[in-house]
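Engineer: The structure follows.
The values are calculated or read from the model by the stated rules, or taken from the named source; none is laboratory data. Treat the numbers as computed from the prediction; the structure is a model and nothing was measured. Glycine also receives a Cβ, built like all others from the backbone with ideal geometry; neighbour counts cover every protein chain displayed. These area figures cover heavy atoms from the full protein model, side chains too; ligands, DNA and RNA do not enter into them. Shrake-Rupley method; radii C 1.70, N 1.55, O 1.52, S 1.80 Å.
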Amino acid sequence: MKNFLKTIVLAAIMLISASLTPTVARNPKLKALIISGQNNHNWQVSHRVLKLILEQSSMFEADILLTPSKGGDMRKFNPQFEEYDVVVLDYNGDRWSKATDEAFLQYVKRGGGVVVYHAADNAFADWEEFNKIIALGGWEGRNEKSGPYYYLVDGKPVLDNTAGTGGSHGAQREYPMHCRNAKHPITKGLPDGWKHGRDEMYDRMRGPANIKDLLYSGFADAKRGGSGREEPLIFTVDYGKARIFHIMLGHCGPTPENNPAMQCAGFQTLLLRGAEWAATGKVKQAVPSDFPTANECRFRMDYMPPRN
């Protein structure tokens, strides 16, 4: 009898103790939506690689949503933007339906997170609100009516209303990146200068130019077909409550294995930090040990960072 009572008392103590012990919840992964399906670039590879980079970081759970093919019925494309912490745009193609346009604008205006990746800033040249969301765009008929050119002279931004087409780039090459804001959560702890893997460098981009924080720029060497100017390449956008991260880097190669711009550890680090900031307003990631130096490109051939 005594043993029975002792067992009952111990069980009661354990139950009370468990009820008083705070539950430690595991940090849920951030939810990312990658929009792709049409592009003048190799979207068949790029959207898969974006998913790899996001998910192998262990911070994100990424879904992919593809639009119908060119000329298809866009009414069938109905993303549930509000279910996600961040939307990654890998799209340049047919205009979405009116309903999807409105849903996207509502998501952004309510403070949603957006990553504008590479040629996504070529899209929707005639959509005024989208051009405010990306701040700068190129090609697809953009010209002086789209807004000024934005570039740097002696480290200071210049808004140039000269007539001319928007969007160009020189020959693909490795090139140095120049930090313009070392205090922003996305760039904090990263070097002032680092060497990016072989990539296009967008230049002569134009638009509303509502850049909030210019993070990195690069010199578009005229000898390699560039503008001869210091061009904005990575920045945040001033658009109401939204957190918008625009990265012009990352021209996709023919295969995931032959893809230096996206295999560059610098590109991947900035993509992840920018996506986390767009989703949460903060960056908790440590600076990886394989981040490029001023003189050396560094690559992740399997898309995974090294184990420190």
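Engineer: Can you work out the FRET efficiency for the pair Leu66 and Glu140, with r the C-beta to C-beta distance and R0 = 22 Å, to the nearest 0.05?
Structural biologist: Result of the calculation: an efficiency of 0.60.
Engineer: Nearest 10 degrees is fine. How inclined is helix 98-109 to the longest principal axis of the chain, computing both from alpha carbons?
Structural biologist: With rounding to tens, the tilt is 70 degrees.
Engineer: Follow-up question, since we're still on this one. Between helix 2-20 and the chain, what is the angle of the helix's C-alpha long axis to the longest principal axis, kept within 0 to 90° and rounded to the nearest 10?
Structural biologist: 20 degrees
Engineer: Then there's this: Based on the Kirkwood radius over alpha-carbon pairs, what is the Stokes-Einstein translational diffusion coefficient of the range 195-254 at 4 °C with 1.567 mPa s viscosity, in µm²/s?
Structural biologist: It comes out at roughly 102 µm²/s.
Engineer: I'd like the antiparallel share, as a percent to the nearest 5, of DSSP beta bridges with both residues in the chain.
Structural biologist: If I count the DSSP bridges inside the chain, around 60 percent turn out antiparallel.
Engineer: Just the ratio, please: alpha-carbon radius of gyration of the range 128-175 over 2.2 N^0.38 Å, N its number of residues.
Structural biologist: For the range 128-175, the normalised Cα radius of gyration is 1.27.
Engineer: Just the accessible area for Ser289, please: 1.4 Å probe, Å², rounded to the nearest 10?
Structural biologist: Only protein atoms counted, so the area is about 70 Å².
Engineer: Still on this structure: If you build a Gaussian network model of the chain, linking Cα atoms that sit under 10 Å apart, which residue out of Ile64, Ile244, Ile34 swings the most?
Structural biologist: Ile64
Engineer: Here is a follow-up. Let me make sure I get this right: for the range 47-200, a, b and c are the square roots of the gyration tensor eigenvalues over alpha carbons, sorted descending. Under 1.5 in a/c it's rounded, otherwise prolate if a/b > b/c, else oblate. Which is it?
Structural biologist: Judged from the Cα gyration tensor, the range 47-200 comes out oblate (a/c at least 1.5, b/c at or above a/b).
Engineer: Run the quick spin-label model on Asp160 and Gln44: label points 7 Å from Cα toward the beta carbon, then report their separation in nm to one decimal.
Structural biologist: It works out to 3.8 nm between the two label points.
Engineer: Let me ask you something else. Starting from the Cα coordinates of the range 134-215, work out the convex hull volume and express it per residue in Å³.
Structural biologist: It is 108 Å³ per residue.
Engineer: OK, next. Starting from a Cα-only point model with no solvent, please compute log10 I(q)/I(0) by Debye for the range 180-291 at q = 0.13, 0.18 1/Å.
Structural biologist: Taking Cα atoms of the range 180-291 as identical point scatterers yields -0.51, -0.98.
Engineer: Okay, moving on. With 21 Å as the limit, write out which pairs from Lys188/Lys284; Lys109/Lys284; Lys98/Lys132; Lys29/Lys132 have Cα-Cα distances beyond it, or answer none.
Structural biologist: Lys109/Lys284; Lys29/Lys132
Engineer: Based solely on its DSSP helices, what 222 nm [θ] is calculated for the chain when runs of n ≥ 4 H residues each add -39,500 (n - 2.57) and the sum is averaged over all residues, nearest 500 deg cm²/dmol?
Structural biologist: Rounded to the nearest 500, the figure is -7500 deg cm²/dmol.
Engineer: While we're here: How tilted is helix 43-56 with respect to the longest principal axis of the chain? Cα atoms for both, answer in degrees (0 to 90, nearest 10).
Structural biologist: Tilt of helix 43-56: around 40 degrees.
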